[in-house]
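Contents: one structure, followed by commentary.
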Amino acid sequence: MTDIDQLFAELRTRTIAEVRPPSVDTVHRIVRRRRAVRNAVAGTVLLALGGTGLLLLPGEPEPDAPDPRAGYGTIAAATVKLDVATPRLGALVTDLGDGTWQHRLELIGATYRTTLTCVGAGEITAVLTPAGGDPSRVVVPCTAEPLETMIDVVLGGDLGTLTTEVVPDDVAAESAAFAYTTALSTADQDRLGKLAGGVVGGVVGGVVGGLTTPAFVLGDTTPAIEQRLTGAAYQATAACAGTGSATFTVVATGADNTETVLGQTRVTCSPAPKPMTVTVTYPAGATALALRLAPEADAYGQAVGVVGYRPT
Amino acid sequence: MAVTATASTGAEARIVVRREPPPSFDEVYAAHYADLAVQLYAYFGDRQEAQDIAQEAFYRALVRWGGIAEYDDPVAWIRKVAWNLAVSRWRRARTALSFLRRQRAAETHSDGPAPDRVALVAALGTLPESHRRAVVLHHLADMSVAEIAQREGVAAGTVKSWLHRGRTALAAHFDVHDSTGGTR
């Protein structure tokens, strides 16, 4: 054993001899007390939200009541428009009790707006750190009426990681739920939309009877052209600016509203997008043609698409 | 987990394994509270702060004890929570320097610890945060280099470097011998 080891051994031995652990009953009492506070907060939140099923009153804790943070989570997710089933560009946390929580997103280099909310009691400190950049720190109060806190972060390079770390205070760790979403800034949406729009316009633009959609961020909804057509053959084009990939589908709708896939192809989303064009023969009996561009998970929320067609 | 019986039928041998009953919260608390408080004391330089954090970590474990008791190493979970809390509180301090000054002053005037212990804790306080955390986790929490590397999200070589520099600085501070590098 070296002298350094000896020093640590002595530190441990002597300090342990002097540490007087609080009675374990103290810890059990803390659990009961905080649970009572949490339930009181839950009652307050329900009152604030005009809930009709209020059973708990402040000062009348119910030890076996369900954890109210599940309800807070529903409110928090709705506030920041997070799809809880597939939370791609964000997250929901209903138990911050581990002290710190961290989440990483792989994103295209751009400016992002992150919207955070915390429902319940206490406060959280959120630290957003773009790869290679300086962290941004914001304190978010956890309130009965959800508040939105927004913070803009610039992510350099082509691709990078945005790390979001949340540290709750002691109250929020037990009495709050937190949710956040990250979205491309409007300026970057416009920038990517112009890129994709220019590419599609270069193929179908200036042709009578053709059509191009406005640029759209690839997300849960699938923007599409739904157009009643009269010709026989068309060129359908899609382009996607950003990152990831998307599926481009051409669908014909019949008189009985049945849909037939006429063609489907993968489109790569890139900072320098390229057009993907398919030739479509309009089937007899069809009443409409639809062009759809749906994102894969890696393109969700960080790519902008445009689709268009022209008769040939 | 304990092997309680073996049975053999022809060429096939089976080992019957039965889990030992999970430890009770009270047992774990009694066995590990003081040790955890020592680790945090060495990190913070403030015994009361260390005990507060240790108690908070055990409280969080108790709330979830039904699940945590089933872990292979419930104490590791509690230690992780405690260190997360410790690091968070440390970062909340306005500056490490002013914090250290405050802690050292408070400890110097306390009438409990012996001078050499105060000196070691004070010397730890002069180390960079990552070095100090690595030294304390290694020497007081008995964590291996690999475990610390995983916890900190860095390469094992980085942890070895932190430990080496930390120990070298402490050895110089006390003018004592450190020939091993002391890493497992």
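Quick notes
- Kirkwood estimate for the range A:188-311, i.e. one over the average of 1/r between Cα atoms, Å: 14.1
- Our estimate of slack between A:ALA70 and A:GLU106, defined as 0.36 nm per intervening residue step minus the Cα-Cα distance, is 10.2 nm.
- Cβ-Cβ distance of A:ALA17 and A:ALA78, R₀ of 60 Å, FRET efficiency by 1/(1 + (r/R0)^6): the value works out to about 0.65.
- B:HIS173 contributes an accessible area of around 110 Å² to the protein surface, as traced by a 1.4 Å probe with all chains present.
- Projecting label points 7 angstrom from Cα along Cα→Cβ for B:ASP142 and B:SER24 puts them 2.3 nm apart.
- FRET efficiency estimate (nearest 0.05) - Cβ-Cβ, A:THR253 to B:GLU70, R0 56 angstrom: 0.55
- Distance (nanometres) between label positions extended 7 Å along Cα→Cβ at B:VAL154 and A:ARG32: 4.5
- Couplings for the range A:242-254, taken from phi via the Karplus curve 6.51 cos²θ - 1.76 cosθ + 1.60 with θ = phi - 60°, read x, 9, x, 8, 9, 10, 9, 10, 10, 10, 9, 9, x Hz in order; Gly and Pro are left as x.
The values are calculated or read from the model by the stated rules, or taken from the named source; none is laboratory data. Note that the structure is a prediction, hence the values are computed from the model and not measured. Cβ: placed from backbone, ideal geometry, glycine included. Neighbour counts: every protein chain shown. Areas reflect the complete protein model, heavy atoms only, side chains present, ligands, DNA and RNA absent. Shrake-Rupley method; radii C 1.70, N 1.55, O 1.52, S 1.80 Å.
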